[in-house]
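**Student:** The structure that follows is given in the form of structure tokens.
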Amino acid sequence: MVINFKSKKLDSTFRLIYIFLFLLLLLMPLLILFTKNGFYPFIVMESIFAIIISLLVVSILKLRITIEGNFLLIKIIFTVYKTDINKIYKVRKGETMWSGFNKFGTSTNGLIIFTKHLNDLYITPEEEALFITELQKINPNIILEKI
């Protein structure tokens, strides 16, 4: 059984952070352009930053939260996080993006998933109630904590 969940749309906090990063990465190479090094270093640096920006955009658009059998998977293009649902002992709802060790959220109000391995996961599924219900179907011992 495979169940896919999309991440929430970017909220204003994340939008401002990404706009700041994009502008910084696009405008920083202009400093090189105005030095005596010439145009070649500018093109190289701008190309590197364009690749970084492209990876950030892809990670926003392709982020998927998947329940596959007894495993919770976070996929962007490939699986970047995997944990056994039976090792999850608590889900905290209403947490901020500044919490958790592994952050794969696109919004400020999300879920922190606590596992026995101490590798907390921050995610922001669009349908939180359905997501928690599906987790509790597999592991009914999961404690739901609201903030």
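The values are calculated or read from the model by the stated rules, or taken from the named source; none is laboratory data. Just so we're clear, the structure is a prediction, and the values are computed from it rather than from any experiment. When we count neighbours, we look across all protein chains shown, and the Cβ atoms used for this are built from the backbone with ideal geometry, even at glycine. Accessible surface areas use protein heavy atoms only, side chains included; no ligands, DNA or RNA. Shrake-Rupley method; radii C 1.70, N 1.55, O 1.52, S 1.80 Å.
**Student:** Would you confirm whether or not the range 52-66 contains a residue that is of a type in the set (A, V, I, L, M), buried (at least 16 other Cβ atoms within 10 Å of the Cβ), touching a helix residue (DSSP H, G or I) at 6+ places or on another chain (Cβ under 6 Å) and not in a loop (DSSP other than H, G, I, E, B)?
**Tutor:** no
**Student:** Here is a follow-up. Name the residue that is surrounded by the fewest Cβ atoms within 10 Å (Cβ to Cβ), counting only residues in the range 69-90 that are in contact (Cβ under 8 Å) with a residue 40 or more places away in the chain and of a type in the set (Phe, Trp, Tyr).
**Tutor:** Selected residue: 89.
**Student:** Given the conditions (1) surrounded by 15 or more Cβ atoms within 10 Å (Cβ to Cβ); (2) part of a helix (DSSP H, G or I); (3) hydrophobic (A, V, I, L, M, F, W, C), and given that residue 10 satisfies all but one, which numbered condition is not satisfied?
**Tutor:** Result: residue 10 passes all but (2).
**Student:** Which of the residues that make up the range 92-125 are in a strand (DSSP E or B), open to solvent by less than 40 Å² (accessible area, probe 1.4 Å) and at pLDDT 85 or above?
**Tutor:** Across the range 92-125, the qualifying residues are 110, 111, 112, 113, 114, 115, 121, 122, 123, 125.
**Student:** Let me ask something additional. Out of (1) exposed (fewer than 12 other Cβ atoms within 10 Å of the Cβ); (2) assigned to a helix (DSSP H, G or I); (3) polar (S, T, N, Q), what's the single condition that is false for residue 35?
**Tutor:** For residue 35, the failing item is (2).
**Student:** So for the range 43-59 (the condition being under 30 Å from residue 139 (Cα atoms) and of a type outside the set (Val, Ile, Thr)), does at least one residue qualify?
**Tutor:** Scanning the range 43-59, I find at least one residue that is under 30 Å from residue 139 (Cα atoms) and of a type outside the set (Val, Ile, Thr), so the answer is yes.
**Student:** Among the residues of the range 20-29 satisfying the criterion of being modelled with pLDDT under 80 and open to solvent by less than 60 Å² (accessible area, probe 1.4 Å), which is farthest from residue 103 (Cα to Cα)?
**Tutor:** Ranking the candidates gives 29 first.
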